Amino acid sequence: MDKVGIHSRKGRETMKRVSEPEPAYEEEVLKRHKNAQAVTVLGEEDASVKLLEYLVFGAEDDLVERLVKDREDGGATLLDDDDSSESDVEDEARLTVQTTRTAVWEDDDDDLEEEVDMTHRFRRDLTKSDAEVKMSKQKLQQRMKEQFQKAMGGMPSWAESKVRKKNKKKDDSDDEDGDDLMRKTGNFVGSSDSLPKGIIRMKKCLHANNDRPSEDRLTTVQFHPSAQVVMTAGLDQSISLFQVDGKTNPKIQSIHLEKFPVHKAQFSVDGEQVVATSFRNKLFYIYDMMEGKVIPVHTVRGLREQRVKEFEVSPDGESLLLTGTSGYLHVLTMKTKEVVNSMKINGNIAGVAFSHDGSKVFTNSEEGEVYIWDMRSSKCLNRFTDDGCVSGTSMAASKNGQYLACGSAAGVVNVYSQEECMQQNNPKPLKAIMNLVTSATSLRFNPTSEILAIASRADDEAARLVHIPSFTVFSNFPMFQRKTIYRAHRLDFSPNSGFFSLANNEGHAPLFRLLHYKNF
């Protein structure tokens, strides 16, 4: 057979296969059609197929909710298939193991009551008595925590728990500055827990007179008795008032006294007037802040002194106690500006202080003798020698009527009980504070009588804060990293001890926020 015949026969067979459908293909089409009908019928009868359709078309949330609901109701779901039962048991076991897993640092032996030997030299300071020979771990941990907080002056912020920090942050959100002190003025009757010793929590603020620094030495700094205001005065012949906000301390007012370098300025008790004295004459000024007038007092009836330099305002605000020469004290009434009484000690007066109620006056002499006077009768109630003092320099009385502090030229400050000073002829000091090496020229108790500030104008950074009644110095004041105090001439606390300031020879009034006290 030739090649042409062979090719024609193959072509006919190929055309026949294309034109006639094969039986296998027809059977496949028919099978698919039957399966589609079966699925349709199954979907109408079996709810699980509908859930499968939801899953295929993306309704995962609805599927999960249905599965959970069906399982709670006890119905059958896709997850209840027998093939998946074993895997469910495994998953539940795995979840149970994960929830009961404990931290790797926890040990069951830690819960056992184990006693620690407290006679070891590293643990002796933690015991409160010799009977504590052994102590449990839990009690020892609590004792160490108490000692740490005592040394730190409270719980430091980095050691607080997250919950405590969160609550503290929530409380602070009520005040944008985190300290509602900056939003209050006026008199406060504030109470606080006792001040811990060792370290005093404080913050260095901008200088109180930063808005107008003095061009010469400052001689006075004093807080207003009722408003959130501080006053500074000095040798630049001016008196300035500043608002205390701890941030900018803006200037309120400044007055200039011609040819009158201010030796001392002090608010009246009601805070409406300022009394200012100088160095060389008996002229003094009264500045009436309500009327904005400066009233010069050239002569005082009954006063036979060449100059008026030191003075104190009585607690009732009705009189001034002027320090004269040759040991004289003169009582001047504020209303009539005349001397109504005088008292005299032996030698020259070094310091004067009123009792808290103004009924008594304490004075010490340059010879180291202390006198106690009755303010009404001008009678000397008691007299004694300051223990170990050769030359007296300063004096201060606490506002709670409990303590009397006497400074000396040797830098020693003796703290007495006022009650013993009244009753004994030779009282012994409760404590002799020897943290100054130069003359103790300035003393000041804070309003709560928990702090005694001492300073010397003879040396830089010669200022200390003493904790009462432990009579120990706070170790973190002054801050030696940066010299800011210099030679301090006056010291003062705000009415509720929220701030502390001093006047130095650089013309500045460094300001410190005492964080233990909440009010101004």
Extension gain, SER417 back to SER254 (0.36 nm per residue minus Cα-Cα distance, nm): 54.6 nm
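Could you tell me whether segment 422-520 comes out rounded, prolate or oblate from its Cα gyration tensor? Rule is a ≥ b ≥ c as square roots of the eigenvalues, rounded for a/c under 1.5, then prolate if a/b exceeds b/c, otherwise oblate. Don't skip to the answer; put the middle values down first.
Details: a/c = 1.84, a/b = 1.27, b/c = 1.45.
Oblate shape, in that a/c is at least 1.5 and b/c is the bigger or equal ratio.
Gain in length, GLU28 to PHE384, computed as 0.36 nm per residue apart minus the alpha-carbon separation, to one decimal in nm? Write out the running numbers ahead of the final one.
Details: separation 356, 0.36 × 356 = 128.16 nm, distance 12.75 nm.
Full extension of this stretch gives 115.4 nm more.
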FRET efficiency, ASP316 to ASP245 (Cβ-Cβ, R0 45 Å, nearest 0.05): 0.90
Separation between Cα centres of segment 298-346 and segment 400-463, rounded to whole Å: 25 Å
In nm, spacing of pseudo-spin labels at VAL340 and HIS356 (7 Å Cα→C-beta vector): 2.5 nm
Amide H partners (placed H, <5 Å) of PHE223, local residues excluded: MET231
Rounded FRET efficiency, nearest 0.05, which uses the C-beta distance separating ASP125 from ASP211 and R0 of 41 Å: 0.25
Phi to ³J(HN,Hα) by Karplus 6.51 cos²θ - 1.76 cosθ + 1.60 over segment 354-371, Hz, x for Gly, Pro: 8, 6, 4, 9, x, 7, 10, 10, 9, 9, 10, 9, 5, 8, x, 9, 10, 10
Hz values of 3J(HN,Hα) by residue in segment 272-286 - Karplus curve (6.51, -1.76, 1.60), Gly and Pro given as x: 8, 10, 10, 9, 10, 10, 10, 9, 10, 9, 8, 6, 9, 10, 10
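Check each of the chymotrypsin sites (Phe, Trp or Tyr not before Pro) in segment 213-295 and keep only those in coil by DSSP with at most 11 other C-beta atoms within 10 angstrom; list them in order.
Values: sites: PHE223, PHE242, PHE267, PHE279, PHE284, TYR285, TYR287; in loops: PHE279.
Taking segment 213-295 and a limit of 11 other Cβ atoms within 10 Å, no loop chymotrypsin sites (Phe, Trp or Tyr not before Pro) are found.
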In nm, spacing of pseudo-spin labels at GLN138 and ILE286 (7 Å Cα→C-beta vector): 6.9 nm
Sequence-distant residues sharing a close amide H with GLU338 (under 5 Å, placed H): THR333
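Among the listed pairs LYS428/LYS518; LYS264/LYS360; LYS139/LYS431; LYS128/LYS483; LYS197/LYS282, give every one whose C-alpha distance is greater than 32 Å.
Details: LYS428/LYS518 35 Å; LYS264/LYS360 22 Å; LYS139/LYS431 34 Å; LYS128/LYS483 40 Å; LYS197/LYS282 44 Å.
Among LYS428/LYS518; LYS264/LYS360; LYS139/LYS431; LYS128/LYS483; LYS197/LYS282, the Cα-Cα distance tops 32 Å for LYS428/LYS518; LYS139/LYS431; LYS128/LYS483; LYS197/LYS282.
Please tell me the relative contact order of segment 192-275 in percent, rounded to the nearest whole number, where contacts are Cα pairs under 8 Å and at least six residues apart.
26 percent
So if we plug the beta-carbon distance of ASN348 and LYS203 into 1/(1 + (r/R0)^6) with R0 = 60 Å, what FRET efficiency do we get, rounded to 0.05? Mind showing how you got there, number by number?
Numbers: r = 40 Å, r/R0 = 0.67.
About 0.90, to the nearest 0.05.
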Highest-first arrangement of 446-459, 334-347, where packing means the average Cβ count within 10 Å: 446-459, 334-347
Point-charge dipole on Cβ atoms (K/R +1, D/E -1) for segment 197-299, about Cα centre, debye to 20: 540 debye
Interchain or long-range residues, amide H under 5 Å from GLN253's placed H: LEU241
Surface share of carbon and sulfur [accessible, 1.4 angstrom probe, percent] for segment 451-520: 46 percent
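Calculate what fraction, in whole %, of the accessible area of segment 390-441 sits on carbon and sulfur atoms when a 1.4 Å probe is rolled over the protein chains.
Ligands and nucleic acids excluded, carbon and sulfur give 48 percent.
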Using θ = phi - 60° and Karplus 6.51 cos²θ - 1.76 cosθ + 1.60, couplings along segment 256-264 (whole Hz; Gly, Pro as x): 10, 10, 5, 6, 9, x, 7, 8, 8
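So how much slack lies between THR333 and LYS428, counting 0.36 nm per residue of separation and subtracting their Cα-Cα distance, in nm?
Details: separation 95, 0.36 × 95 = 34.20 nm, distance 3.54 nm.
That pair, THR333 and LYS428, stretches by 30.7 nm at full extension.
The values are calculated or read from the model by the stated rules, or taken from the named source; none is laboratory data. All values derive from a computational prediction rather than experimental measurement. We place every Cβ from the backbone using ideal geometry, glycine too, and count neighbours over all the protein chains shown. The accessibility values were calculated without ligands, DNA or RNA, using every heavy atom of the protein model including side chains. Shrake-Rupley method; radii C 1.70, N 1.55, O 1.52, S 1.80 Å.
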